[in-house]
Amino acid sequence: MKNNAAPAPQATGPAWSVTLRDGRAVELRAVCPADEAELLQAFERMSSDARYMRFMHAIREPDIERVRSALASFPEKGIGLVATVPAADGIDIVGSAIAVFANDGASCEFAITVASAFGGAGLATTLMNALIDEARRRGRTQMEGFVLTQNQPMLRLARRLGFSVEMEPGDPTVRICRMALGNPSDAAAARP
């Protein structure tokens, strides 16, 4: 697998090209308010099952005001990354990963979406690694995400990346994936 993995993009930094396991190239970069239309197109391309796995309930249409609010909150209140490919209308977003900062100043909650055509190519791993690196760089010491029990590909990925996976108390259909990110000064000292 060729993966141009060093260094990971910063949420406010330049784009970063990645070659996936199957040879396709994507560009990773920070999400921005101008991505609204492309994010809505990406949502429309998702199957109902994929939407259910991502949002943990049936959803037919996105809440546009919520999308705008989230886009406007980055990078101050979190991290947003997108993976794009060239398309007839400019670009298509084929993957996204976000980490929303908690008010405690130390933790964040992740969510990730990868287009079905890019499943199994390593894009989710690439996005999650970039998200984890950026969360560390931004001083977060813990990351967590809530994943449906039936979303076995995401749970396998979380375990491979080093997340603990536990049952959500009171809801056997949900697992909590948690990772201690360590002391931010340790991450800075480890960089070349």
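The values are calculated or read from the model by the stated rules, or taken from the named source; none is laboratory data. This structure is a prediction, so every number in the text was calculated from the model and none was measured. A quick note on method: Cβ atoms are made from the backbone with ideal geometry, for glycine too, and the neighbour counts reach across all protein chains shown.
In the range 100-116, the residues that are under 24 Å from residue 40 (Cα atoms) and touching a residue at least 40 places away in the same chain (Cβ under 8 Å) form Cβ pairs under 6 Å with partners that are in a strand (DSSP E or B) and hydroxyl-bearing (Ser, Thr, Tyr), at six or more places apart or across chains, as follows: 113/96.
Restrict the check to the range 91-113 and report whether at least one residue is assigned to a strand (DSSP E or B), closer than 22 Å to residue 67 by Cβ and among the polar types (S, T, N, Q). Yes, there is a match, as at least one residue in the range 91-113 is assigned to a strand (DSSP E or B), closer than 22 Å to residue 67 by Cβ and among the polar types (S, T, N, Q). Filter the range 1-49 for residues that are part of a loop (DSSP other than H, G, I, E, B), surrounded by 16 or more Cβ atoms within 10 Å (Cβ to Cβ) and hydrophobic (A, V, I, L, M, F, W, C); which is modelled with the highest pLDDT? Checked the range 1-49; the qualifying residue modelled with the highest pLDDT is 20.
Across the range 117-150, the qualifying residues are those that are in a helix (DSSP H, G or I) and either over 21 Å from residue 180 (Cα atoms) or without any contact (Cβ under 8 Å) to a residue 40 or more places away in the chain (or both), and the one among them that is nearest to the chain's Cα centre (by Cα) is 128. For residue 76, the conditions (1) buried (at least 16 other Cβ atoms within 10 Å of the Cβ); (2) of a type in the set (D, E, K, R); (3) assigned to a loop (DSSP other than H, G, I, E, B) all hold with the exception of (1).
When you look at residue 157, is it in a helix (DSSP H, G or I), of a type outside the set (Ser, Thr, Tyr) and crowded, with 23+ Cβ neighbours inside 10 Å, yes or no?
Spelling it out, it is not the case that residue 157 is in a helix (DSSP H, G or I), of a type outside the set (Ser, Thr, Tyr) and crowded, with 23+ Cβ neighbours inside 10 Å.
Among residues of the range 70-92 being modelled with pLDDT of 90 or more and touching a Ser or Thr at 6+ places or on another chain (Cβ under 9 Å), the one that is farthest from residue 144 (Cα to Cα) is 92. Could you tell me which residue of the range 50-69 is modelled with the lowest pLDDT, considering only residues that are at negative phi and outside any helix (DSSP H, G or I)? By that ranking, first place goes to 57.
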